[in-house]
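What follows is a single structure, written as structure tokens, with notes after it.
The values are calculated or read from the model by the stated rules, or taken from the named source; none is laboratory data. Computed from a predicted structure; not experimentally measured. Glycine gets a Cβ as well: all are built from the backbone with ideal geometry, and neighbour counts include every protein chain shown. All accessible areas refer to the heavy atoms of the entire protein, side chains included, with ligands and DNA or RNA removed. Shrake-Rupley method; radii C 1.70, N 1.55, O 1.52, S 1.80 Å.
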Amino acid sequence: METSEPLKPFLLAFPGPLRDRLVAAVLSGEKVMTSGLLMEYEVEREELPPVGERSALIDSHGQEVAVVELTEVRVLPLGSVGLRHVLDEGEGHASVAEWRAGHEAFWHSEEMREALGDPSFTVDDGTMIVAERFRVVERLVRH
């Protein structure tokens, strides 16, 4: 008798090339942190995930590829992101400015603005983000 509930999905970006790169970085061990907008949680009426929560990392094809466990969850202003955070995101950025430019491009994209329900959404130093540190606890066999 199955007693465990299915894991919540751990989604990075939207399906496509960016998600593929991010999932590969998680699986290689380069990416151990991710950042999202606090506003996303508010729009979705979701509570922040608790430390210790396990989720299924989902690839662009909707497949569960790994189980990740949150080891830290912090809410901080975008302007206070430092280099350690940038490097732990494992996306190849060498500076905070480079990381921020890439994230702003994503957060200002039409897809994200649509998801937030705000066609003119923009971020600034005071925009609150959710920084999630995680570790891969299990790789799932792909069929």
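The figures follow:
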quantity: When residues of the range 61-70 are limited to those that are touching a strand residue (DSSP E or B) at 6+ places or on another chain (Cβ under 8 Å) and under 18 Å from Ser28 (Cβ atoms), the one most open to solvent (accessible area, probe 1.4 Å); calculated: Glu64
quantity: Residue list for the range 16-28, restricted to those being of a type in the set (Gly, Ala, Ser) and loosely packed, with under 15 Cβ neighbours inside 10 Å; calculated: Gly16, Ala24, Ser28
quantity: Residue under evaluation Ala13, criteria (1) open to solvent by 40 Å² or more (accessible area, probe 1.4 Å); (2) modelled with pLDDT under 95; (3) not in a helix (DSSP H, G or I), criterion not met; calculated: (1)
quantity: Counted residues, the range 84-103 - those being modelled with pLDDT of 95 or more, open to solvent by 50 Å² or more (accessible area, probe 1.4 Å) and among the acidic types (Asp, Glu); calculated: 1
quantity: Helices (runs of 4 or more DSSP H) wholly inside the range 71-141 that include at least 3 residues being charged (D, E, K, R); calculated: 96-107, 110-116
quantity: The range 29-60, residues that are in a loop (DSSP other than H, G, I, E, B), open to solvent by 60 Å² or more (accessible area, probe 1.4 Å) and either within 14 Å of Glu138 (Cα to Cα) or in contact (Cβ under 8 Å) with a residue 40 or more places away in the chain (or both); calculated: Glu30, Leu48
quantity: Selection count where residues are touching a Gly at 6+ places or on another chain (Cβ under 6 Å) and buried (at least 16 other Cβ atoms within 10 Å of the Cβ), scope the range 111-143; calculated: 1
quantity: Filter result for Thr3 (β-branched (Val, Ile, Thr) and modelled with pLDDT under 95); calculated: yes
